[in-house]
């Protein structure tokens, strides 16, 4: 703003008006003060809100009418037998639709909602994850110490995670900290922050590496992808991260090995991830399994649990229970929902979404920013209601997909302005993925268009 004021003064001075005139204190030719009239500002009136709040008087859909409308959508062949669902009015908590919502089913990626809520209520949303490089045990050796940030980027900026720390920044610090001319001949990668197996119980043999998952390590680059912006994930994320550091240091021929930093090693450089709140958004929007697992381990670390699949799963459930969520029927084996051993109810998913939407689930409101928006972004970018009166923006929900498992959980604003929380989970679908997704989309779109009175 100061620059703008100076520019204005210079322009006015060029037109024969001095700074003193602007301030009303400049002397005239005879030394007399020059009077300047007070500025007359127009009356702009009250500003209309850009985002108007939902009306408290918006009518609640009639439960009977809603059940008659939604029932056929959840019992058809597209979703298979045993589909569970629930719809709740956010303002009152009234259950408007319930179809076996207390029955535990495989949630697929809707389990990421539990991880997201747990990390936001456990860790300061503004906190960042640190990656360090420290001196090694021998001359020419440096150690890359993972802090659990898989978004660290080979490129500047990251091609996948906006706001991510970059290996170039880290390498610049390391070069500046080393004695001038010191060649780096060996990079040790320390991923000891995470413990236990690299894949979860209930993951398939082809899940890691794949296009959607990788072995979970405390050190990785580009979400454990084989290259910046690639689809395929790597089977050796730690080694890839070490190689990326060697390249950034101008030492592509340096040996890269797994190991641990020596005690008391000197720090040569540090970088910070985007805030946890932003990482949650990224994990939810694109259903990033690797990032979700990293966030679940942050919950474990904060609660003094082992940073393993088992420790993280236990920590997530405990954190949600402590935050006031009834976690009956919840069993987790991982933090991403990729495990077939995960078990969650539609009732829990709906209660979580209501708690986030009405603010009663403390600090978890940031989760809403990461929900895919139907017809607009994330995993719902090409799905949802095509009616411009109800989309995009009316349905915000997390998707879940495994073979035979299809789920959707989130919030929806009805055509009459009522905010509802909902969840639909089907884990016995035998038809096509397209048919199942269409049925879930029809469920959400029906809620969005609903008067239902």
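No value in this document is a laboratory result; all are computed from the given coordinates. What you see is a predicted model, and the numbers here were worked out from it, not measured in a lab. No Cβ is skipped: glycine too gets one built from the backbone with ideal geometry, and neighbour counts run over all protein chains shown.
What is the gain in length, in nm to one decimal, between residue 67 and residue 382 on full extension, counting 0.36 nm per residue of separation less the C-alpha to C-alpha distance? Before the final figure, lay out each step's value.
Values: separation 315, 0.36 × 315 = 113.40 nm, distance 2.73 nm.
So the chain would gain 110.7 nm between residue 67 and residue 382.
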Residue-span extension gain [residue 92 to residue 362] - 0.36 nm each, minus C-alpha spacing: 95.4 nm
Computed E for residue 434/residue 226 - FRET, C-beta separation, R0 35 angstrom, nearest 0.05: 0.75
Region 327-363-region 166-234 distance, computed between alpha-carbon centres (Å): 29 Å
Helix-derived mean residue ellipticity, 222 nm - over the chain, DSSP H n ≥ 4, -39500 (n - 2.57), to 500: -9000 deg cm²/dmol
By average C-beta atoms within 10 angstrom, highest first, the peptides 184-190, 148-154: 148-154, 184-190
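I'd like the per residue volume of the convex hull spanned by the Cα atoms of the chain, given in cubic angstrom. Mind showing how you got there, number by number?
Details: hull volume 95.5 nm³, N = 453.
That works out to 211 Å³ per residue.
Per-residue counts of other Cβ atoms within 10 Å, averaged by peptide: what ranking do you get for 432-438, 300-306, 288-294, highest first?
288-294, 300-306, 432-438
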Relative contact order of region 310-368, defined on C-alpha pairs under 8 angstrom at six or more residues apart (%): 27 percent
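Please label the shape of region 339-453 as rounded, prolate or oblate, based on the square roots a ≥ b ≥ c of the eigenvalues of the alpha-carbon gyration tensor (a/c under 1.5 means rounded; beyond that, a/b larger than b/c means prolate, else oblate).
Details: a/c = 1.63, a/b = 1.11, b/c = 1.47.
Taking the square roots of the gyration eigenvalues as a ≥ b ≥ c, region 339-453 is oblate.
Please list 118-129, 348-359 highest first by mean number of surrounding beta-carbon atoms within 10 Å per residue. Walk me through the numbers before you get to the answer.
Working: 118-129: 21.2, 348-359: 23.7.
So the order, starting with the most tightly packed, is 348-359, 118-129.
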Contact order relative to length of region 119-206, as percent, for alpha carbon pairs under 8 angstrom and 6 or more apart: 28 percent
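Give, in nm to one decimal, the length gained when the segment between residue 419 and residue 369 is fully stretched (0.36 nm per residue of separation minus the Cα-Cα distance).
Fully extending the segment from residue 419 to residue 369 adds 16.4 nm.
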Virtual paramagnetic centre 7 Å along Cα→Cβ of residue 138, amide N under 13 Å, in region 236-273: 255-257
The chain, relative contact order [Cα under 8 Å, separation at least 6], %: 22 percent
R0 of 45 Å, Cβ-Cβ distance residue 127-residue 46: FRET efficiency to nearest 0.05: 0.70
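For region 130-274, give the share of DSSP beta bridges that are antiparallel, in percent and rounded to the nearest 5; count only bridges with both residues there.
Numbers: 10 of 21 bridges.
Percent antiparallel among DSSP bridges in region 130-274 is about 50.
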